[in-house]
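Engineer: One structure follows; several queries about it will come next.
No value in this document is a laboratory result; all are computed from the given coordinates. Since the structure is predicted, the reported quantities are computational estimates derived from the model, not experimental observations. Here the Cβ positions follow ideal geometry from the backbone for every residue, glycine too, while neighbour counts run over all protein chains shown.
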Amino acid sequence: MNHVGEMSAVILCGGLGTRLREETEFKPKPMVDIGGKPILWHIMKTYAAFGVSKFILCLGYRGEVIRQYFRNYALDQGNIKVNLRSNTVTFLDRGDIEDWEVTLVDTGALTMTGGRLLQASKYIEGDSFFLTYGDGVADIDINALWSFHKSHGMGATVTGVHPSSRFGEIDESGGRVVGFREKPQTDDGWINGGFFVMDKAVLNGFEYRSDSVLENDILPVLAKQHRLGIYKHGGFWQCMDTYREMQLLNAMCENQTPPWLAVGS
């Protein structure tokens with residue numbers, strides 16, 4: 001079975017981000033800045049702290065912004081010399097540039113989360129992979145998540161977290177997901193926080209459809225088949241659905257290391 005450092009992290013980056021319209025009119029939500037860097041970069045840094053260096057980004061709405069960001073990443077980070085006549089660039093030094101391999105996959109502007117994952121699956125190397133959303137950060141221990149996934153042998157693992165009651169809640173028993181409840185009235189249950197681990201084989205029974213929704217068409221099926229475990233993360237987790245949540249995350253970056261960048265150190 002893979003080691004963490006050999007695995008890819010698939011990140012869903014194609015949503016419209018309608019509740020952050022003032023920020024996402026001209027760029028996708030994963031490119032909204034938190035502490036001067038896109039939230040996508042922060043998510044990738046969390047994985048990288050545990051040795052994950054291969055990323056597969058599922059692009060959709062305004063995907064060209066993400067393409068341009070990574071195409072120009074090295075040029076924007078290090079010191080360079082440009083010869084205008086020959087149109088050549090020489091790197092004087094690379095600065096503190098991450099050693100990441102980033103695969104950019106156009107999964108369609110209106111494709112849903114399940115369809116995006118199934119399209120990107122052909123680029124996944126190895127037997128298992130990480131998967132998460134492009135709009136949430138956590139101080140999650142990726143090594144512990146992977147160890148839990150290997151120990152229960154159910155094929156897929158979802159990270160459960162404790163946020164507000166506006167999210168759908170996970171019904172679980174004995175470390176196994178048994179169902180989902182939408183928008184409970186209490187906040188003492190576990191909700192889907194992303195940060196999945198999946199064995200690639202669990203996707204074999206699902207046919208690609210652009211309207212396939214991970215949360216409605218794949219996860220409940222795996223739960224019914226007793227192939228979906230839950231890793232309970234009691235630490236920090238925060239998504240960025242609203243302008244207020246964006247402000248909260250930015251405030252956490254001011255004059256300090258935010259909790260999600262302190263992991264693995």
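Engineer: What is the set of long-range amide H partners of ILE34 at a cut-off below 5 Å, with H atoms built 1.01 Å from backbone N?
Structural biologist: Under 5 Å from the amide H of ILE34 lie the amide H atoms of ILE39, each far enough along the sequence or on another chain.
Engineer: Here's another thing I want to ask about it. Can you tell me how the range 1-136 classifies by the Cα gyration tensor, rounded, prolate or oblate, using a/c under 1.5 as the rounded cut?
Structural biologist: Oblate.
Engineer: Show which lysines lie in cross-link reach of LYS27 when reach means a straight Cα distance below 21 angstrom and same-chain residues fewer than eight apart are skipped.
Structural biologist: Partners found: LYS37, LYS45.
Engineer: Assign unit charges at the C-beta atoms only (+1 for Lys and Arg, -1 for Asp and Glu), then state the dipole size of the chain relative to its Cα centre in Debye, rounded to the nearest 20.
Structural biologist: For the chain, the charge dipole is close to 420 debye.
Engineer: Most fluctuating residue of LYS150, LYS29, LYS54 in a GNM of the chain with Cα springs under 10 Å: which is it?
Structural biologist: Among LYS150, LYS29, LYS54, the largest mean-square fluctuation in the Gaussian network model of the chain belongs to LYS150.
Engineer: Using the Karplus equation 6.51 cos²θ - 1.76 cosθ + 1.60 (θ = phi - 60°), what ³J(HN,Hα) coupling, rounded to whole Hz, does each residue of the range 207-224 give in order, writing x for Gly and Pro?
Structural biologist: Once rounded to whole Hz, the list reads 8, 5, 9, 5, 9, 6, 9, 3, 6, 10, 10, 10, 4, x, 5, 5, 4, 5.
Engineer: Quick one: Cα centre-to-centre distance for the range 94-145 and the range 209-250, in angstrom?
Structural biologist: 14
Engineer: From the helices alone, meaning DSSP H stretches of at least four residues, give me the mean residue ellipticity at 222 nm for the chain, per-run term -39500 (n - 2.57), in deg cm²/dmol to the nearest 500.
Structural biologist: The helix contribution divided over the chain gives -6500 deg cm²/dmol.
Engineer: Quick check on my link table: of LYS54/LYS122; LYS54/LYS200; LYS122/LYS200; LYS200/LYS232; LYS54/LYS232, which ones sit more than 18 Å apart, alpha carbon to alpha carbon?
Structural biologist: As for pairs spanning more than 18 Å Cα to Cα, those are LYS200/LYS232; LYS54/LYS232.
Engineer: Kirkwood Rh and Cα-based Rg: tell me the resulting Rg over Rh for the range 102-167, rounded to two decimals.
Structural biologist: A ratio of 0.98.
Engineer: Going out from 0 in 10 Å bins, what whole percent of all Cα-Cα distances in the chain drops into each bin?
Structural biologist: For the chain, the pair-distance distribution reads 7, 29, 38, 20, 5, 2, 0.
Engineer: Which order do the peptides 151-159, 243-251 come out in when sorted by mean C-beta neighbours inside 10 angstrom, highest first? Before the final figure, lay out each step's value.
Structural biologist: Numbers: 151-159: 19.8, 243-251: 14.6.
Output ranking for 151-159, 243-251: 151-159, 243-251.
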